[in-house]
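*Asks:* Below is the structure I would like to discuss, written out as C-alpha cells.
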C-alpha cells in the first residue's frame, strides 16, 4: 500500500487523501513518482511496497519504484487480508469514526475522512511507537514550561486529543 495515499489533499476534482475514483495506469505512474520524490516522498528510505495484481500497477509504475530503490512485491491472488497495515487502518477509521456518524452524502464523508486522517497522523498517540506522535504538526520546544493539559477535539468532540499547554 502506498503511504502517500493518506496525505490529505481533498479537493473538488474527485480526489481525497490522494485517492481518486477512477485510477488509471498513468495516474498510478504519477503516484509512484510522488511517493519516491527525494524531498517529500513517503517511500524515501523504504525497501518494499506491497500491491495487488490490479493492471493499474503497470510495468512503468514498478520501474519507477525500482529506480528509487524500492522493491515492489505483488501479493498472491485472492488474498485480501495480507496487507495488515491497510486492514488495520480501515478498521480504525470505521471503528473510531465512521460507525459513530450519520453521513449525508459524499461531502460529509469527505469531511469526516479528512478530519480523521489529520487526527490519525498528527494528533493521535501511537502506542506501538512508545506513545509518541508520528507526524507532529509542531516540534515540541524543550524550553517551554508545561503548566497544564489542553483538550482539543475534531468532528464535534468525536475525536479528542490532549497536549501540554505552555505557560
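The values are calculated or read from the model by the stated rules, or taken from the named source; none is laboratory data. Keep in mind it's a predicted model, so treat the numbers as computed, not measured. In this analysis, Cβ positions are derived from the backbone assuming ideal geometry, glycine residues included, and neighbour counts consider all displayed protein chains.
*Asks:* Of the residues in region 53-74, how many are farther than 20 Å from residue 24 by Cβ and touching a strand residue (DSSP E or B) at 6+ places or on another chain (Cβ under 6 Å)?
*Replies:* Adding up the residues that qualify gives 3.
*Asks:* Go through (1) buried (at least 16 other Cβ atoms within 10 Å of the Cβ); (2) modelled with pLDDT under 80; (3) over 12 Å from the mean Cα position of the chain (by Cα) and name the single condition residue 112 misses.
*Replies:* Condition (2) is where residue 112 drops out.
*Asks:* OK, next. Anything in region 74-106 that is touching a helix residue (DSSP H, G or I) at 6+ places or on another chain (Cβ under 8 Å) and surrounded by 10 or more Cβ atoms within 10 Å (Cβ to Cβ)? List them, or say none.
*Replies:* If the condition is that a residue be touching a helix residue (DSSP H, G or I) at 6+ places or on another chain (Cβ under 8 Å) and surrounded by 10 or more Cβ atoms within 10 Å (Cβ to Cβ), then 89, 92, 93, 96, 97, 98, 101, 103 are the ones that fit.
*Asks:* Cβ-Cβ distance below 7 Å, separation of 6 or more or different chains: which pairs start in region 80-100 with a residue that is assigned to a helix (DSSP H, G or I) and end on one that is at pLDDT below 80?
*Replies:* Every condition considered, the pairs that remain are 85/1; 86/1; 87/81.
*Asks:* Of all residues in region 49-73, which are surrounded by fewer than 19 Cβ atoms within 10 Å (Cβ to Cβ), under 18 Å from residue 85 (Cα atoms) and over 17 Å from the mean Cα position of the chain (by Cα)?
*Replies:* 52, 53, 71, 72, 73
*Asks:* Which count do you get for residues in region 21-61 that are part of a helix (DSSP H, G or I) and without any contact (Cβ under 8 Å) to a residue 12 or more places away in the chain?
*Replies:* 3
*Asks:* Condition (residue is at pLDDT 80 or above, under 30 Å from residue 158 (Cα atoms) and in contact with a helix residue (DSSP H, G or I) (Cβ under 9 Å, 6 or more places away or on another chain)) applied to region 55-69: is it met by at least one residue?
*Replies:* no
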